[in-house]
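Here's the structure, in structure tokens; my notes come after.
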Amino acid sequence: MELNLYATSARPEERFHWQAPQPWVASCRGWRGLVRRTTWTDLQLPGPWNDPARFTSWVIGWFLQIYYGSAKCDGSRTQDLRNGTLGGNDGERRGYVMTTTPSELLAVRWRGKGLERIPRWDNMGGA
């Protein structure tokens with residue numbers, strides 16, 4: 001079965017890419033429990049260069065998240081990939097779905113329920 005990263009209701013402007021390595025936390029620093037900055041590594045841009053991408057998430061207090069970068073992991077689509085919804089073979093299903101959609105790469109979000117403070121690849125730093 002062929003891999004289809006757009007299989008589940010993608011908007012026209014969205015851009016998705018598959019990558020094999022798991023995103024890792026390059027650094028995670030907090031200040032007095034009020035602000036935390038998480039920088040991610042092992043992100044890859046598509047194309048012949050395979051340039052390393054960057055991504056940083058700031059969590060301020062328990063409700064505000066600011067994030068920016070050039071590529072980030074799409075946790076929901078990665079779960080769809082793992083469940084087989086996006087097709088692919090067994091090797092591809094162990095990968096990660098990355099997004100380079102501009103609206104996802106620079107955003108400020110207010111979370112009424114509060115933010116999870118543990119950085120994982122599926123929340124890119126607390127969301």
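The values are calculated or read from the model by the stated rules, or taken from the named source; none is laboratory data. Computed from a prediction, not measured in an experiment: that's the story for all the values here. So basically every Cβ, Gly included, is an ideal-geometry build from the backbone, and we count neighbours across all protein chains shown.
Quick look at the values:
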read-out	value
Residue ID - surrounded by the most Cβ atoms within 10 Å (Cβ to Cβ), chosen from residues in the stretch 61-79 that are modelled with pLDDT of 85 or more and assigned to a loop (DSSP other than H, G, I, E, B)	A71
Some residue of the stretch 57-69 being among the hydrophobic types (A, V, I, L, M, F, W, C) and closer than 23 Å to T8 by Cα	no
Filter pass, R29 being farther than 13 Å from C73 by Cβ, under 16 Å from the mean Cα position of the chain (by Cα) and either at pLDDT 85 or above or of a type in the set (A, V, I, L, M, F, W, C) (or both)	no
Number of the condition not met by P119 [criteria: (1) part of a loop (DSSP other than H, G, I, E, B); (2) out of contact with any helix residue (DSSP H, G or I) (no Cβ under 9 Å at 6 or more places or on another chain); (3) closer than 18 Å to A10 by Cα]	(3)
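Yes or no, residue by residue, for (1) among the hydroxyl-bearing types (S, T, Y); (2) surrounded by 15 or more Cβ atoms within 10 Å (Cβ to Cβ); (3) in contact with a helix residue (DSSP H, G or I) (Cβ under 8 Å, 6 or more places away or on another chain); (4) not in a strand (DSSP E or B):
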| site | (1), (2), (3), (4) |
| --- | --- |
| L3 | no, yes, yes, yes |
| E13 | no, no, yes, yes |
| W18 | no, yes, yes, no |
| V25 | no, yes, no, no |
| R29 | no, no, no, no |
| T38 | yes, yes, no, no |
| V59 | no, yes, no, no |
| G91 | no, no, no, yes |
